[in-house]
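Some notes on the structure that comes next.
Every number here is computed from the coordinates shown, using simple stated rules; none is lab data. As the structure is a prediction and not an experimental result, all values here were calculated from the model. Cβ placement follows ideal geometry from the backbone for every residue including glycine, while neighbour counts extend to all protein chains displayed.
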C-alpha cells in the first residue's frame with residue numbers, strides 16, 4: 001500500500017487556489033494606495049497559486065479520491081506548511097527590509113492566529129497588514145475546512161481530514177454530510193464577522209482598521225493596529241472585542257442549535273457552561289485582587305478589565321487591555337491557567353480545549369474512586385452519555401504529549417538565555433496560539449529572539465494549531481512504513 005498522492009496533490013492545489021485568490025484582495029488594495037512594491041509581492045505568488053491550483057484541479061477532476069486516517073494528518077500538515085511558506089513571499093519581497101526568518105515568522109503567526117509579531121504592524125504597509133488580517137481570518141476556521149465544503153465536487157470524503165484540522169477532541173457534525181457541516185460553519189463565521197464589523201464602524205475606528213481588527217478578533221488572533229491607538233482602549237471597543245473573541249471561542253455547534261431552535265442543547269452544553277464559568281470565576285478572582293491591591297480604583301472597573309483580559313487569554317486572542325506585567329502574581333497565574341485550558345472544541349481558539357480538561361478531570365476522579373472501590377465499574381459520563389475508552393485514552397495521551405512538548409520546548413528556548421518568566425511564557429504563547437504572555441514578550445513582541453529561536457517558535461505555533469498530532473506522527477517510523485499501515 002502506498003500513499004494516495006493524487007488526493008494529497010489535489011487537496012494542496014485547491015488550498016493554494018484559495019490562498020492565491022485571497023492574495024488578490026490586498027494586492028488590489030495595494031495598487032489603490034500606490035504601494036506598488038507590496039502589490040507586486042502579492043501579485044506574483046497569487047498568480048502562481050491560482051495557475052497551479054487550476055491546472056491540478058482540472059486534470060484530477062474526474063478521479064475518484066479516497067483518504068485514510070494517517071494520510072489525513074499528512075495532508076493537514078502539508079497544506080498548512082505550504083500556505084505558510086507561500087504566505088511568506090509577500091513579506092519578504094515587499095522591499096520593506098524584512099528578513100526571510102522574520103517573514104516566515106509573520107506568515108506562520110498570521111495563519112495560525114497566534115498574533116505574535118517581529119515586524120511592528122504600525123510600520124507595515126497597509127496592503128501587507130490587510131494580508132495578515134486575511135490570513136488570520138482564513139486560519140481561524142481553517143483552509144482545509146473551506147476546501148472540505150467543496151469536497152462533493154472534488155470527489156473526496158472529508159470527515160477524516162476535517163478531524164485532523166478542526167481543533168477539539170471530536171468533530172460533531174451539523175448535518176449528515178461533513179461538507180454541509182463545513183459550509184454551515186463558514187456561514188456562521190461570516191455572519192459573526194459582518195456583525196462585528198458593523199458594530200465597530202461607529203466606534204471611532206476607520207473602516208480599514210475596523211475590518212482588519214474584526215478579522216483578527218473573530219479568529220481569536222488578537223488585535224492588529226489603529227491610527228489612533230487610544231480608540232482601542234475605549235470601553236465600547238473593548239466590549240465588542242471581548243464579546244466577539246468569546247463568540248469565536250465557543251463551540252460553533254451552539255449557533256447551529258440556536259438557529260435550529262434547539263434551545264436546550266444550546267444552553268445546556270457542559271463545555272460551554274464550564275468555559276463561561278471558568279472565565280467568570282477567574283475574572284472575579286482577579287478583580288478582587290486588582291481592587292484589593294489598589295491597581296484599580298473601583299471594583300466594577302477592575303472586573304471589566306479582568307473579564308476582558310480573562311476572555312482574551314481563555315479565547316487565546318492574546319490582546320491586552322492593560323499592562324499585565326504590572327498585575328499581581330495571582331492574576332498572572334489565573335491568566336496562565338485560562339490560556340492553558342483554552343476555549344471550546346470546534347471553535348477558532350487554540351490550546352488544549354475545555355472538553356479535554358473536563359474529561360481528564362473526570363479520569364482523575366475515577367482513578368481516586370477506583371482506589372477506594374477497585375471492583376467498581378464507573379464510566380466517565382459527559383451530559384448523561386458515557387465517554388468511550390478510546391476517547392478517554394486519546395485525551396490522556398494528548399495531555400501527556402502536550403506537556404511533554406511544553407517541557408522539551410522550554411529547554412530549547414532556554415538556549416536563548418532569557419529570564420525564566422519570558423522562556424515559559426514564550427512556549428505557552430506559541431503552543432496555545434495566544435501570542436503573548438508575560439516577561440519580555442508582553443504585547444506579542446518576539447523580536448528579542450535570534451533567528452533559530454524565531455524559527456522554533458514558528459514551528460511550535462504550527463504544532464499548536466494542528467494540535468501536536470499532525471507534527472509528532474511525522475517522526476514515527478510506522479507512519480512512513482505504508483506497507484504495514486491499515487488505515
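Could you rank the peptides 448-459, 383-394, 343-354 by their average count of other C-beta atoms within 10 Å per residue, with the highest value first? List each step's numbers first, then the result.
Working: 448-459: 18.6, 383-394: 11.9, 343-354: 28.3.
Most protected by this proxy first, the peptides run 343-354, 448-459, 383-394.
Could you check the spin-label model distance between residue 375 and residue 476? Points 7 Å from the Cα along Cα→Cβ, value in nm.
Here the modelled spin labels are 3.8 nm apart.
Return the calculated 222 nm mean residue ellipticity for the chain, to the nearest 500 deg cm²/dmol, obtained by summing -39500 (n - 2.57) across DSSP H runs with n ≥ 4 and dividing by the residue count. Provide the component values of the computation, followed by the final result.
Details: 22 runs with 314 residues, N = 487.
It comes out at -21000 deg cm²/dmol, rounded to the nearest 500.
Of (i) 23.4, 83; (ii) 22.1, 75; (iii) 24.4, 87, which one was derived for Rg and Dmax of the Cα atoms in Å from the structure shown?
Evaluating Rg and Dmax of the Cα atoms in Å on these atoms matches (ii).
Tell me, what is the FRET efficiency for residue 399 and residue 31 to the nearest 0.05, using R0 = 60 angstrom and their Cβ-Cβ distance as r?
Values: r = 49 Å, r/R0 = 0.82.
According to the calculation, E is roughly 0.75.
Please order 19, 320 by the number of other Cβ within 10 Å, starting at the fewest. It would help to have the intermediate numbers written out before the result.
Values: 19 25, 320 20.
The order, fewest Cβ neighbours first, is 320, 19.
Could you compute the FRET efficiency for residue 259 and residue 206, with r as their C-beta to C-beta distance and R0 at 30 Å, rounded to 0.05?
Details: r = 32 Å, r/R0 = 1.08.
With R0 = 30 Å, the Cβ-Cβ based efficiency is 0.40.
Within a 10 angstrom radius of the beta carbon, how do 337, 12 rank from fewest other beta carbons to most? Mind dumping the intermediate values first?
Values: 337 13, 12 20.
Exposure proxy ranking, most exposed first: 337, 12.
What is the spin-label model distance, in nm, from residue 195 to residue 21 if the labels are put 7 Å beyond Cα along the C-beta direction?
Here the answer is 2.6 nm between the modelled labels.
What order do you get for 371, 366 when you list them from fewest to most C-beta neighbours inside 10 Å?
Sorted ascending by nearby Cβ count, the order is 371, 366.
Ranked highest first by the average count of other Cβ atoms within 10 Å around their residues, in what order do 241-247, 465-471 fall? Could the numbers behind the result be given before it?
On the way: 241-247: 24.3, 465-471: 21.7.
Going from most to least packed, we get 241-247, 465-471.
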